[in-house]
Amino acid sequence: MAGGKFKKEKPPGGAHFQGGIPFHKSKGQHILKNPLLVDSIVQKSGIKSTDIILEIGPGTGNLTKKLLEAGKSVIAVELDPRMVLELQRRFQGTPFSSRLKVIQGDVLKCDLPYFDICVANIPYQISSPLTFKLLAHRPLFRCAVIMFQREFAMRLVAQPGDSLYCRLSVNTQLLSRVNHLLKVGRNNFRPPPKVDSSVVRIEPRKPLPPVNFKEWDGLVRICFNRKNKTLGALFRQKTVLNMLEKNYKTLQALQLTPEDFSADAEMAVCVSALGDTLGDMNMDKDEDEDDDEDEEMEIDDKDAKSNAFKEKVLSVLKLGGFEDKRSSKLAQADFMHLLSLFNKAGIHFS
């Protein structure tokens, strides 16, 4: 286990043991027991003999041993002090001991050192914040090969039109190339979790896309609030128009445009914070409602100034042919184009 709170407690009657150590399912402690699967993960990681490898939640070290055999060294981040002792005991007096560094602590709170590649079987409850913490890490690593809960993994790789396509998909794929490597059944773990898993490969994009990331996420957040509503319906909502008009007036009064937050250091801060806002599941609201459901939330047409701004926003959508399109069908390039059209009209999202 690598993240979340850890408290000493007596194991329940049905606790699972590995090497005499009880494992707690509630803390995400599920150890890979299939050696062929461990070998497959290491092989698909493409580890070089010169690589410094980051492992998150090493547990008793089954995967750690294979990583030490394949790379130059392993940095293992582990929250559970019992597991830390077990790791140190397991490799003490072996040729691997000098090439293993164990950091005891919460991976979400630790400052991570330099690494070339990350290979991990993580506690699933930290999936989203961990993904974006890694993508915010500088300098950028080559790739991460991580075991996720299967539905979360499918959201990461989802494409426009897929039922699981969401803000998580769009933001992750903006910053990285994501590929599904293999499905892993729950019986490959001890104790078995309640869900199946998948191994995903994440490769940070180099160079990073030329986008103001705060603006990008501001736009995408609005678009995926109701991903199956038309953009015309979404951008007619009073709360959306009020926010955009406030930004518009502030920037006009100051005669400024937003600073370029896509600068690498600033972008890293924004990306890291993103994991806290997404949540691991149910990132978007389901769309069984009619497009007219939020009609009462639209802006009052009697307010002439506000109505003029509303028309300005809608004219941008019409210009790009976006008014009748839905976020669930839009690709990265579409969101990029839409953001550029809004910005050219002086409308900003941060």
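The values are calculated or read from the model by the stated rules, or taken from the named source; none is laboratory data. For clarity, every value in this text was computed on a predicted model and none was experimentally measured. Reconstructed Cβ throughout: ideal geometry from the backbone, glycine too, with neighbour counts over all protein chains shown. Surface accessibility is based on the protein's heavy atoms, side chains included, excluding ligands, DNA and RNA. Shrake-Rupley method; radii C 1.70, N 1.55, O 1.52, S 1.80 Å.
Assorted remarks:
- Listed cross-link partners K33/K183; K183/K214; K44/K329; K227/K344; K109/K214; K44/K133 are compared with a 27 Å cut-off, the Cα-Cα value being larger for K183/K214; K44/K329.
- Heavy-atom accessible area per residue - the range 25-204, 1.4 Å, Å²: 38
- Of all accessible heavy-atom area on the range 25-204, the percent that carbon and sulfur account for (1.4 Å): 49
- All Cα pairs of the range 25-204, percent lying beyond 30 Å: 12
- Put S176, S98, S272 in order of accessible area, highest first, and with a 1.4 Å probe you get S98, S272, S176.
- Summary of the geometry: the range 214-251 and the range 124-194, compared by the centres of their Cα atoms, lie 27 Å apart.
- Protection proxy ranking, peptides 125-137, 213-225, average beta carbon neighbours within 10 Å, highest first: 125-137, 213-225
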